[in-house]
Structure formats: structure tokens, C-alpha cells
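Notes to accompany the following structure.
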Amino acid sequence: MANSALGTGGNLMQALKTRMHFHQSRQKVLAENVANADSPGFRPMDVKAPVISAGGAGGVSGVSLARTSAGHMGIGGRSDGFDSARARRFETTPSGNAVNLEDEMMKVAQNQSDYQLAASLYSKGLGLMKIAIGKGR
């Protein structure tokens, strides 16, 4: 039992490290988008989030939300005719630049908050591991 718990903790710590590296990379790309806000023809980029599965040793894979009532919102396909892929368009300015500073700054703030959350969880996890092996407090 202790071995599987340590394995699960190790998987969690690795997932948090991966998440923090993702947020570091994303912050760099978002900063480049903001820096090029006045560059004619520049198109903003973003980094695709890593898929961190809960599968593996002792994990649960294939977990998804269940729609228990027809009145609930569906995940993925929507029945109201709203096409989210077409709804999100970049605003094009007269210079041909597609950077919307407000959107980019909101992404930067959210990315920073997500990084701080992952870092805090990682730090707490390390503290718990130190306590578990007898080197904490």
C-alpha cells in the first residue's frame, strides 16, 4: 500500500512539474505576442496544454463528465447551434496585426495564476513527503 501511495505521489509531483514547465513556456509565447502587438502582419500564437492522464499505476483512466439530464449542458457537441470554434476570432487591426492586447493580457494573468497554483501544490507536496520520511518539522 505504501509503495502505491508513493507512486501516486510521484505521478502527481511529475504532473505538477510538467504543468509548471507548460506555464513557463506559455508565458514566453504570450510575452512575444504582446511584444509584437505593433508588428504588421503578426499573428499571435499559443501553446497547447499537455494532456495529463490519471491513468497508470493505480490511477483511473477514461474519466469524463456524465450528462444525467437532457436539461444539462453537453460537453463537446452543443445542441443550441453555437459553434465555439467559429466564435473565437482574432480582432484584426488596420496594420494587419491580429494581436488583441486585452485578450493577451488576460491570458498572461490567468497563466500566472495557474502557475502559482501549480507551484504552491508542488511545494505543499514536497512538504508532505518530508514529513512522511521524518525530515519535516
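Just to be sure, is N97 at pLDDT 95 or above, under 30 Å from P44 (Cα atoms) and not aliphatic (A, V, I, L, M)? So N97 fails the test. Summed over region 18-44, the residues that are open to solvent by 80 Å² or more (accessible area, probe 1.4 Å), closer than 29 Å to K130 by Cα and in contact (Cβ under 8 Å) with a residue 24 or more places away in the chain give a count of 1. Does any residue of region 62-84 turn out to be under 30 Å from A98 (Cβ atoms), of a type in the set (S, T, Y) and modelled with pLDDT under 85? Yes.
The values are calculated or read from the model by the stated rules, or taken from the named source; none is laboratory data. These numbers come from a predicted model, not from an experiment. Every residue, glycine as well, gets a Cβ built from its backbone with ideal geometry; the counts of neighbours run over all protein chains shown. The area values use the complete protein model at the heavy-atom level, side chains included, leaving out ligands, DNA and RNA. Shrake-Rupley method; radii C 1.70, N 1.55, O 1.52, S 1.80 Å.
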